[in-house]
1. Could you tally the net charge around residue 69, taking each other residue with its Cβ under 12 Å from the Cβ of residue 69, Lys/Arg +1 and Asp/Glu -1?
2. Would you calculate the separation in nanometres between label points at residue 118 and residue 131, each defined as 7 Å from the Cα along the Cα-to-beta-carbon direction?
3. Calculate, in nm to one decimal, what residue 110 and residue 224 gain on full extension: separation in residues at 0.36 nm each, minus their alpha carbon distance.
4. Running Debye on segment 63-180 with equal point scatterers at the Cα sites and no solvent, what base-10 log of I(q)/I(0) appears at q = 0.11, 0.18 Å⁻¹?
5. For the pair residue 85 and residue 203, how long in nm is the line joining their label points, each one 7 Å along Cα→Cβ?
6. Between residue 60 and residue 170, with labels modelled 7 Å along Cα→Cβ, what's the label distance in nm to one decimal, could you check?
7. Hey, with R₀ at 30 Å, roughly what FRET efficiency would residue 232 and residue 142 work out to, going by the Cβ-Cβ distance, to 0.05?
Amino acid sequence: MGLTSGFTIVGRAAIAAVVCLFTALCLVLAVWLHSSYSAAVKSGEQQVVATAKIVAANAVWINSLARQTLFRMDDAFGAAIGPDNGERLRRLNIATAELPSTATAYVLASDGSLIYSTDRESTPADIVDRTYFQRLANGAEAYTSAMTEMANTGRRVFLSAARIERDRKFLGVAVLAFDVGMLRSIWDASPLGPGSTVSIFRRDGKLIARHPEPKEMVDLGNYVLFTDYMRKATTGTYTSVSPVDQVRRLVAYRIVERTPFVAIASAETSLF
């Protein structure tokens, strides 16, 4: 009886030791998994933040290119609309010579008629959203549109436009149309993987450009990023289900100073 009792005590001790060892292993595994997950999330956060900075740098370049080119187009326009269209055409060609292939230039008269274009397929009349023209005609000095579409070709663009005036009289509008696909190269080069996105928004929440392109135009003016996060900090990260395509992503945003832009990069959280 004493021997049996001794074996029972030893057995129980062995079982207890195994349980303790198993528990310890589980704890170690849990800590390792948590540490690995935290490291993956931190790495993912660093990558989306870095990509958002690249998108922001691209937005600064676009803004600078647009402002300089529109200024040169205004200068090339001359004093007033007249019969000397040949000389004006030569000056405008020089003013727009450095534009990339993803951008096209137009000049419209005050009545909306086309004076100049580098686009062989479309004119500003083919742009579905012509809000830009009305605002500039009413006195605004410059305007940046949300993503819009050329009616005859389906080409998606966003516009940078400026009012042309002489002696406070409205004479026309200089317009640059940028292909929204210009962010593709940044997406291709980013380390964020499948399911990631790179975007530029206006500060009012309207989408300017995104890759991959959404099926519809996007307005996130009432979304928490624009109603809350951006009011608290000019840069940041958060995790959320995208209102555009319902994919859960880690998102980095950055308000681009001295521009109307917000740069965004995101990575699908399932990859972490």
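1. Values: positive: 67, 72; negative: 74, 75, 98.
The answer is -1.
2. Going from the residue 118 label point to the residue 131 one covers 2.6 nm.
3. On the way: separation 114, 0.36 × 114 = 41.04 nm, distance 3.95 nm.
Net length gain for the segment: 37.1 nm.
4. After summing over all Cα pairs, the log10 values are -0.31, -0.87.
5. Roughly 4.0 nm, to one decimal.
6. Placing both labels 7 Å along Cα→Cβ, they lie 3.5 nm apart.
7. Details: r = 28 Å, r/R0 = 0.93.
Step by step, r from the Cβ atoms, then E = 0.60.
Every read-out reported here was derived from the displayed coordinates using simple, explicitly stated rules and does not represent laboratory data. As the structure is a prediction and not an experimental result, all values here were calculated from the model. All Cβ positions, glycine included, derive from the backbone under ideal geometry; neighbour counts span all protein chains shown.
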